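Note sheet for the following structure.
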Amino acid sequence: MRILVVEDSNRLRESIVLALRRSGYAVDTTGDGREGLEMAEDHPYDAAILDIMLPSLDGVSILKTLRGAGNRTPVMFLTAKDAVSDRVTGLRSGADDYLVKPFALEELLARVEALCRRGYQKAASETTLADLTLDSTAKTATRAGVALDLTAREFALLEYLMLRAGQIVTRTQIEEHIYDDLVSPMSNVVDSAVCALRKKNRRE
């Protein structure tokens with residue numbers, strides 16, 4: 001899953017990005033509202049985390065612009081404002097979730113996971129295809145009851161493919177959803193990841 005994080009606090013932004021990447025997400029990030037809007041318009045993110053108070057363009061304006069253009073990316077607001085009226089304003093502007101600062105990173109990760117599932121119309125954390133079972137919460141995968149030893153990136157690739165079972169998936173789609181801007185589009189990361197996943201998923 002590829003996540004956009006728009007937060008102007010460098011320390012908080014770095015903590016969020018680190019936690020997300022450790023959980024296997026690809027992450028693009030900025031501290032500027034207008035740049036965040038441009039990124040959201042240019043990439044098909046699985047979820048976006050927006051601070052409300054941002055330089056150049058606030059989070060509510062970003063979201064209203066996206067929703068007005070038909071962009072349905074699940075969005076969670078981060079804000080220090082905890083009044084009911086503030087939460088109502090955020091949700092009515094098109095947000096899917098709302099998290100008040102300070103917060104535990106574990107809660108943020110759980111909420112991001114729920115947002116991503118919502119984007120694929122999934123209520124449960126488990127996805128099953130034939131004898132393959134993937135748990136997006138526990139970050140585990142099994143085949144015929146046997147655990148697969150996957151890296152975070154291999155898990156993300158398997159999850160992406162299982163959520164699109166029966167569909168044709170292109171290299172570009174894989175690059176856009178499970179790799180962020182740190183990965184060179186000219187590299188062979190997709191081929192390498194698919195090859196490694198096939199070897200680990202092969203029945204003995």
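The values are calculated or read from the model by the stated rules, or taken from the named source; none is laboratory data. Nothing here was measured: the structure is a model prediction, and the numbers come from that model. Heads up, the Cβs are rebuilt from the backbone with ideal geometry, glycines too, and the neighbour counts pull from every protein chain shown. Remember, those area values only see protein heavy atoms, side chains included, never the ligands or the DNA or RNA. Shrake-Rupley method; radii C 1.70, N 1.55, O 1.52, S 1.80 Å.
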* To do: Take the chain, connect every pair of alpha-carbon atoms lying under 10 Å apart with a spring to form a Gaussian network, then pick out the residue of THR142, THR30, THR172 with the largest mean-square fluctuation.
  => THR172
* To do: Quick one: divide the alpha-carbon radius of gyration of the range 49-88 by 2.2 N^0.38 Å and tell me what you get.
  => 1.18
* Fluctuation leader among ARG11, ARG143, ARG34 - the chain, Gaussian network, Cα springs under 10 angstrom -> ARG11
* Structure fact -> For VAL189, the accessible surface traced by a 1.4 Å probe with all protein chains present amounts, in square angstrom to the nearest 10, to 40 Å²
* Based on Cβ point charges of +1 for Lys and Arg and -1 for Asp and Glu, what charge dipole magnitude is obtained for the chain about its Cα centre, in debye rounded to the nearest 20? -> 600 debye
* To do: Would you kindly give the portion of the calculated P(r) for the chain that falls above 29 Å, as a percent of all Cα pairs?
  => 25 percent
